[in-house]
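Below: one structure, written as structure tokens.
The values are calculated or read from the model by the stated rules, or taken from the named source; none is laboratory data. All figures in this text were calculated on a predicted structure; none of them were measured in a lab. Here the Cβ is made from the backbone with ideal geometry for all residues, glycine too, and neighbour counts use every protein chain on show.
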Amino acid sequence: NAGVTQTPKFQVLKTGQSMTLQCAQDMNHEYMSWYRQDPGMGLRLIHYSVGAGITDQGEVPNGYNVSRSTTEDFPLRLLSAAPSQTSVYFCASSYRAPGIVAKNIQYFGAGTRLSVL
Amino acid sequence: KQEVTQIPAALSVPEGENLVLNCSFTDSAIYNLQWFRQDPGKGLTSLLLIQSSQREQTSGRLNASLDKSSGRSTLYIAASQPGDSATYLCAVSLDKVSTQGGSEKLVFGKGMKLTVNP
């Protein structure tokens, strides 16, 4: 049971390049989310998904696309990278279980550290 | 807009002290509140989750309480150890998604960096 796996761990891009940050979970969680963490700003929600085929925007969605074709995977795409997207990106997942405390716990990946030059 | 505040931003204490970490939120319509731990260069690990209908949760030396009406939560760490040194983050799940039954949309505080000195 690997939990939430993010790849790559580090990435350097030039302005205008595109890339996909990968996130996979093996816990059969319905919910998956992407956050970015910036100094002085904390973690902010980019996009989230409540199940395969269903995605929605979070607080800071501009410049990012997502899709959820399977329960396990939730990739985050940067179409044209900008220096403002330099950040640490975290993927998280959890069950969908109303009222069941233990199943609402969020599990986070180790993060992808992205620099855009 | 929900805002979550953690004060102070950093705390340095000698080993053995009992600690209280504070978290406040502006909108009491939350579904649950979670406390996380983050070690340098690592992801987040959930420590405790309190549903909005609960008052507290305990795990080992950790105890978290929730007062939804006043918009406050505290994380109590008993007999602190150097291994407790990390950044502690508080996050609330927004109640407007409660019909979905989950906590997929979290609003985080900026965290509190704790250093426990031997």
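Of everything in the range A:15-44, what is closer than 20 Å to residue A:81 by Cβ and free of Cβ contacts under 8 Å to residues at least 24 places away in the same chain? Give them in sequence order.
Result: A:39, A:41, A:44.
Given the criterion more than 9 Å from the chain's Cα centre (by Cα), more than 8 Å from chain A (Cβ to nearest Cβ) and small (Gly, Ala, Ser), identify the matching residue among B:73, B:80.
B:80
Can you name the number of the only condition in (1) at pLDDT 95 or above; (2) closer than 22 Å to residue A:94 by Cα that residue B:93 fails?
Among (1) at pLDDT 95 or above; (2) closer than 22 Å to residue A:94 by Cα, residue B:93 violates only (1).
For the range B:46-87, which fully contained strands (runs of 3 or more DSSP E) count at least 1 residues that are β-branched (Val, Ile, Thr)?
Hits in the range B:46-87: B:56-59, B:72-77.
Restricting to the range A:58-98, name every residue that is within 14 Å of chain B (Cβ to nearest Cβ), within 19 Å of residue A:10 (Cα to Cα) and aliphatic (A, V, I, L, M).
A:88, A:92 - these are the residues of the range A:58-98 that are within 14 Å of chain B (Cβ to nearest Cβ), within 19 Å of residue A:10 (Cα to Cα) and aliphatic (A, V, I, L, M).
I'm trying to understand the selection: among the residues of the range B:43-54, which are surrounded by fewer than 17 Cβ atoms within 10 Å (Cβ to Cβ) and over 13 Å from residue B:32 (Cβ atoms)?
B:45
For (1) among the basic types (Lys, Arg); (2) in contact with a Pro (Cβ under 7 Å, 6 or more places away or on another chain), each residue gets a yes or a no:
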| position | (1), (2) |
| --- | --- |
| A:22 | no, yes |
| A:25 | no, no |
| A:28 | no, no |
| A:31 | no, no |
| A:59 | no, no |
| A:84 | no, no |
| A:96 | yes, no |
| A:106 | no, no |
| A:116 | no, yes |
